[in-house]
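Data block below; observations after.
The values are calculated or read from the model by the stated rules, or taken from the named source; none is laboratory data. All values derive from a computational prediction rather than experimental measurement. Don't worry about glycine lacking a Cβ; one is built from the backbone with ideal geometry, like all the others, and counts go over all protein chains shown. The area values use the complete protein model at the heavy-atom level, side chains included, leaving out ligands, DNA and RNA. Shrake-Rupley method; radii C 1.70, N 1.55, O 1.52, S 1.80 Å.
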There are 2 protein chains.
Amino acid sequence: MALQQFAAVGFAGTSLQQIAASAGYSKSSVLYHFASKDALLGEVLTPAIERLEDILGGFTSTSEDAASRRQFIEDFVDFLLQYRLEVHVLINQAQSLKGIAVIDRARALIVRLGDALCQEHATTIDRMRFGVALGGAAYSLVAGLTFFDEDITPTDDLRPALITLLSELLAPVAVRTTQPRK
Amino acid sequence: MALQQFAAVGFAGTSLQQIAASAGYSKSSVLYHFASKDALLGEVLTPAIERLEDILGGFTSTSEDAASRRQFIEDFVDFLLQYRLEVHVLINQAQSLKGIAVIDRARALIVRLGDALCQEHATTIDRMRFGVALGGAAYSLVAGLTFFDEDITPTDDLRPALITLLSELLAPVAVRTTQPRK
DNA sequence: ACCTTAGCTGACCGATCGGTCAGTTCCTGC
DNA sequence: GCAGGAACTGACCGATCGGTCAGCTAAGGT
């Protein structure tokens with residue numbers, strides 16, 4: 001679909017002609033179903049954003065203990081695996097797509113995610129753990145498309161590896177000790 | 001310069017008009033100094049690639065012990081900090097820019113880098129450590145541009161944090177123990 | 001004084017961009 | 001059988017894309 005092109009070539013680098021051709025339709029037909037190119041991007045990305053909002057909501061509403069943190073990481077990894085292309089677009093193109101509604105929504109969500117995982121007293125390295133985990137995961141999940149012809153790594157292999165890695169990276173950060181917040 | 005636009009908006013999303021305007025010249029003048037848009041990209045990215053080739057060459061030519069690995073990580077972090085925008089472009093846009101000479105050169109270099117750090121017997125999680133470290137570092141170094149108005153994090157703060165993080169991530173991978181492989 | 005050359009520019013090119021619109025096809029409910 | 005609407009399309013629009021070209025200006029060498 002169009003999503004693959006956005007992730008591979010970038011939103012700006014993908015033309016409506018290419019989207020239409022890869023879908024087997026004409027450009028006019030694409031614009032019949034979607035009001036504009038921006039609207040198409042919105043409809044493509046919205047399911048991923050809503051899923052992430054759900055996960056974050058579930059996490060922030062629970063008490064902070066080891067079990068809920070582990071649950072969050074598992075949910076988050078499954079989210080990454082299911083919406084890997086969407087995540088890649090959001091992470092790597094949010095800067096250039098400022099102003100589009102769905103992108104601004106996603107950016108606010110990512111900021112909230114960072115706040116939930118590391119309080120404002122977090123040190124530079126704590127914040128960077130979050131950034132590296134997020135950007136690194138988003139990158140690795142599509143790196144196969146960049147450096148190999150096929151994305152060969154199967155999901156079954158990736159899931160436990162990602163969970164281990166994100167646990168390592170986020171464990172020291174996510175520790176919300178007795179102090180609840182503020 | 002043009003590099004900032006490439007990193008921020010993407011190569012495809014940056015027009016020669018914008019590059020020229022931000023440099024205070026006309027589009028014709030830009031094309032007088034650079035044969036084409038692709039050639040401009042090449043000249044912008046080449047210094048970073050050559051520096052990385054130097055670092056990788058120095059690493060592979062030394063014996064594999066803790067000291068040389070630490071030296072490599074320090075060099076690599078300094079490289080990331082110095083060429084953060086270039087790295088971001090290479091990491092996140094290599095896929096869409098296949099065919100441009102400088103990009104293909106960089107892709108081959110990154111593959112070599114991965115091979116040097118984790119042998120072919122490396123497990124999925126080992127390879128992913130490398131990918132997360134690379135993609136994560138590239139992402140965090142420009143995430144400030146995406147989510148905050150200014151890239152406020154000073155380099156002095158970033159360097160030790162990055163070294164610590166990359167050491168953690170790459171330490172288990174880079175262990176070329178006595179056992180050569182398989 | 002003259003010529004060369006580097007640096008730079010506006011005008012222009014064909015191609016393609018996102019988007020509009022009138023019209024065609026085809027299916028469905030009556 | 002037919003009216004109506006949904007799906008779809010080609011032709012077309014102004015704007016902008018990367019790139020070419022002739023020409024302008026200023027500096028330097030002789």
Take the alpha carbon atoms of region A:36-174, find their radius of gyration, then divide it by 2.2 N^0.38 Å using N residues; give the quotient. 1.05
Which order do B:T164, A:T146 take by accessible area at a 1.4 Å probe, largest first? B:T164, A:T146
For the charge dipole of the protein assembly as shown, defined by +1 on Lys and Arg C-beta atoms and -1 on Asp and Glu C-beta atoms about the Cα centroid, which residue among A:G135, B:S22, A:G57 has the Cα displaced farthest towards the positive pole? B:S22
Order the peptides A:51-57, A:137-143 from the highest to the lowest mean number of other Cβ atoms within 10 Å of their residues. A:137-143, A:51-57
Principal axes first, then extents: for the Cα atoms of region A:49-125, list largest minus smallest coordinate on each axis, whole Å, largest first. 37, 30, 22
Please compute the length gained on full extension between B:A171 and B:Q119, using 0.36 nm multiplied by the number of residues separating them and subtracting their Cα-Cα distance. 17.4 nm
For region B:42-174, the accessible surface attributable to carbon and sulfur atoms (probe 1.4 angstrom, ligands and nucleic acids excluded) amounts in percent to 51
Work out the FRET efficiency for A:E53 and A:T164 from their Cβ-Cβ distance, taking R0 = 25 Å, and round it to the nearest 0.05. 0.45
Given the protein assembly as shown, report the % of alpha carbon pairs whose separation exceeds 39 Å. 15
Using 1/(1 + (r/R0)^6) with R0 = 30 angstrom and r between the beta carbons of B:E74 and A:D104, what's the FRET efficiency to the nearest 0.05? 0.20
